[in-house]
Amino acid sequence: MMENVLPQRKPTRLRDFDYSREGAYFITICTRDRMQVLSEIVNITSDGDKLTTSRRNLSMVGEGLAPPEFQIRLKPCGEIVKEQLHLITTRFTTVTVEDYVIMPDHIHAIIYLHGDVEAGGASPSPTLNDVVCAFKSLTSRICKQRLSVEKIFQRSYAEHVVRDKEDYETRRRYIYENPMRWYYKYIFKGE
């Protein structure tokens, strides 16, 4: 008998928690092998570019939330990710994407499930997993068709159940500051 040599994955979900329950969920989806195929982060105050994005809707500044001096420039896979994030509310009418950021090798988003609401769409009461799996599957299929990218995402995703308004604001701030942290960790140190 052959011994299983693959590492055992730890469960990433809360035991006995109903992931179709109304509420906000902070998710992180990483690219396969952390490939930097989604975007690039640019400090527009250092490279002379002008920021042209509208601040009309804070959730959609640039390609998600970002401090105004940091611009997220989407690559072709990132454009598809953005397109599919915006289509989540069309596919699942009881779901909204509150805030998001498309980083070079991962995505952070706060997804809000509105619970049992009579609505049409693919699933009136989807679970968080239904939403994330549909997003990843459709995004991957389109990236493969349009760009010949075989596998864009790693298996699974990380999630955090947002517990209250303070927790929500902490997650939102994390999303907002992520481009700045990325820039100073990976780009600025090399300048």
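The values are calculated or read from the model by the stated rules, or taken from the named source; none is laboratory data. All figures in this text were calculated on a predicted structure; none of them were measured in a lab. Here the Cβ positions follow ideal geometry from the backbone for every residue, glycine too, while neighbour counts run over all protein chains shown. When the accessible area is computed, the model is the full protein with side chains, heavy atoms only, and any ligands, DNA or RNA have been set aside. Shrake-Rupley method; radii C 1.70, N 1.55, O 1.52, S 1.80 Å.
Tell me whether the range 90-182 comes out rounded, prolate or oblate; compute the Cα gyration tensor, take square roots of the eigenvalues as a ≥ b ≥ c, and use a/c under 1.5 as the rounded threshold.
Details: a/c = 2.29, a/b = 1.04, b/c = 2.20.
Here the range 90-182 falls in the oblate category.
On the full set of protein chains, 1.4 Å probe, figure out the accessible area of S148 and give it in Å² to the nearest 10.
90 Å²
Keeping every protein chain in place, order K151, K136, K144 by accessible area at 1.4 Å, biggest value first, i.e. largest first.
Values: K151 125, K136 30, K144 105 Å².
Sorted by accessible area, descending: K151, K144, K136.
With respect to the cross-link table entries K75/K136; K151/K185; K82/K165; K82/K185; K136/K165, which display a Cα-Cα separation exceeding 20 Å? Write out the running numbers ahead of the final one.
Working: K75/K136 17 Å; K151/K185 26 Å; K82/K165 26 Å; K82/K185 24 Å; K136/K165 28 Å.
From the list (K75/K136; K151/K185; K82/K165; K82/K185; K136/K165), the Cα-Cα distance tops 20 Å for K151/K185; K82/K165; K82/K185; K136/K165.
How far apart, in nm, are two points set 7 Å out from the Cα along the Cα-to-Cβ line at I44 and at A158?
2.8 nm
Round to the nearest 10 and report in Å² the accessible area of C30, as given by a 1.4 Å probe over the protein chains' heavy atoms.
For C30, solvent-accessible area is about 20 Å².
In cubic angstrom, how much convex hull volume per residue do the alpha carbon atoms of the range 131-191 span? Kindly include the intermediate steps, with their values, before the conclusion.
Working: hull volume 8.3 nm³, N = 61.
Looking at the range 131-191, the number lands at 136 Å³ per residue.
Given a 1.4 Å probe and heavy atoms of the protein chains only, how would you sort H108, H114, largest accessible area at the top?
Values: H108 10, H114 60 Å².
Accessible-area ranking of H108, H114, largest first: H114, H108.
Any chance you could look up the accessible area of E98 with a 1.4 Å probe, heavy atoms only, rounded to 10 Å²?
60 Å²
Taking 0.36 nm per residue of sequence separation and subtracting the Cα-Cα distance, how much length would be gained by fully extending the chain between K151 and M35, in nm to one decimal? Could the numbers behind the result be given before it?
Working: separation 116, 0.36 × 116 = 41.76 nm, distance 1.03 nm.
Additional length available on full extension: 40.7 nm.
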